[in-house]
């Protein structure tokens, strides 16, 4: 069985602060993929990143960075110098042998001006 | 390039009525997925198609729900009869394939369904 846990239900920060969104997953698969999606107030789901289980290199894209650690089954997402436009619900998801995306419950991030 | 297109964006109906949600996947994508999002259950996969064929419909809640994909560019999700507990946001997503996690799913804007 696959499971994704996002323990942080809501996070509130002030603009320009750094914030890390946690994601912990469970799977017995050796090959799997991890994803992050963003759901802004407008409601759509926006793909942010995909990472496969054999690539533990951290990734940086602008103010976004991702830290994948197989040893702790975590795939955390950090936003540096947060902005009001970053306010959204962020979902972590896992794809494994079940061949379907299993989503976490999401973290509501609010960035205050 | 156009993304996944869903219509309508909002639907309000009364209990017992038939509801049809529509989706146009990204051109060239061979897999299409229907999800439902509620506060209580989060994002749930209802059904997915590969090359227009339903592959896994184990997430469809009950016989009141049905989905079709008559061609590569169109799919419908129908609820008949609708009930208040069906109120949710329904997302359609598409991907190039469905056999690997390298096939990223791209989501449409969703249809917010309210059943009174």
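From A:93, A:88, grab the single residue that is more than 13 Å from chain B (Cβ to nearest Cβ) and within 14 Å of the chain's Cα centre (by Cα).
The match here is A:88.
Are any residues in the range A:1-35 touching a helix residue (DSSP H, G or I) at 6+ places or on another chain (Cβ under 8 Å) and either within 14 Å of another protein chain (Cβ to nearest Cβ) or assigned to a loop (DSSP other than H, G, I, E, B) (or both), and if so, which ones?
If the condition is that a residue be touching a helix residue (DSSP H, G or I) at 6+ places or on another chain (Cβ under 8 Å) and either within 14 Å of another protein chain (Cβ to nearest Cβ) or assigned to a loop (DSSP other than H, G, I, E, B) (or both), then A:15 is the only one that fits.
Within the range B:32-41, track down each residue that is crowded, with 17+ Cβ neighbours inside 10 Å and either more than 19 Å from residue B:97 (Cα to Cα) or in contact with a helix residue (DSSP H, G or I) (Cβ under 6 Å, 6 or more places away or on another chain) (or both).
Just the residues of the range B:32-41 that are crowded, with 17+ Cβ neighbours inside 10 Å, to begin with: B:32-37.
The answer is B:36, B:37.
Among the residues of the range B:15-27, is any in contact (Cβ under 8 Å) with a residue 60 or more places away in the chain, in a loop (DSSP other than H, G, I, E, B) and within 13 Å of the chain's Cα centre (by Cα)?
Checked the range B:15-27: at least one residue is in contact (Cβ under 8 Å) with a residue 60 or more places away in the chain, in a loop (DSSP other than H, G, I, E, B) and within 13 Å of the chain's Cα centre (by Cα).
For the structure I just gave you, tell me whether residue B:54 is touching a strand residue (DSSP E or B) at 6+ places or on another chain (Cβ under 9 Å), part of a loop (DSSP other than H, G, I, E, B) and without any contact (Cβ under 8 Å) to a residue 60 or more places away in the chain.
no
With the condition being without any contact (Cβ under 8 Å) to a residue 60 or more places away in the chain, I'd like the strands (runs of 3 or more DSSP E) fully within the range A:36-113 carrying at least 3 qualifying residues.
The strands (runs of 3 or more DSSP E) meeting that bar are A:46-52, A:59-61, A:64-69, A:74-79.
Which ones in the range B:57-80 are crowded, with 16+ Cβ neighbours inside 10 Å and under 26 Å from residue A:40 (Cα atoms)?
Those that are crowded, with 16+ Cβ neighbours inside 10 Å and under 26 Å from residue A:40 (Cα atoms): B:59, B:75, B:77.
What about residue A:43, is it closer than 30 Å to residue A:113 by Cβ, more than 14 Å from the chain's Cα centre (by Cα) and within 13 Å of chain B (Cβ to nearest Cβ)?
yes
Listed residues B:46, B:96; which is within 10 Å of the chain's Cα centre (by Cα) and within 13 Å of chain A (Cβ to nearest Cβ)?
Working: B:96 fails: within 10 Å of the chain's Cα centre (by Cα).
Result: B:46 is the single residue among B:46, B:96 that is within 10 Å of the chain's Cα centre (by Cα) and within 13 Å of chain A (Cβ to nearest Cβ).
How many residues does the range B:1-24 hold that are within 12 Å of residue B:109 (Cα to Cα) and surrounded by 18 or more Cβ atoms within 10 Å (Cβ to Cβ)?
So the count comes out to 4.
Among the numbered criteria (1) loosely packed, with under 15 Cβ neighbours inside 10 Å; (2) modelled with pLDDT under 95, which one does residue B:83 miss?
(2)
Restricting the search to the range B:1-41, which residues are under 16 Å from residue A:46 (Cα atoms) and facing another protein chain (nearest Cβ under 10 Å)?
Result: B:3, B:4, B:6, B:33, B:35, B:37.
The values are calculated or read from the model by the stated rules, or taken from the named source; none is laboratory data. Since the structure is predicted, the reported quantities are computational estimates derived from the model, not experimental observations. Neighbour counts run over all protein chains shown; Cβ positions are idealised from the backbone, glycine included.
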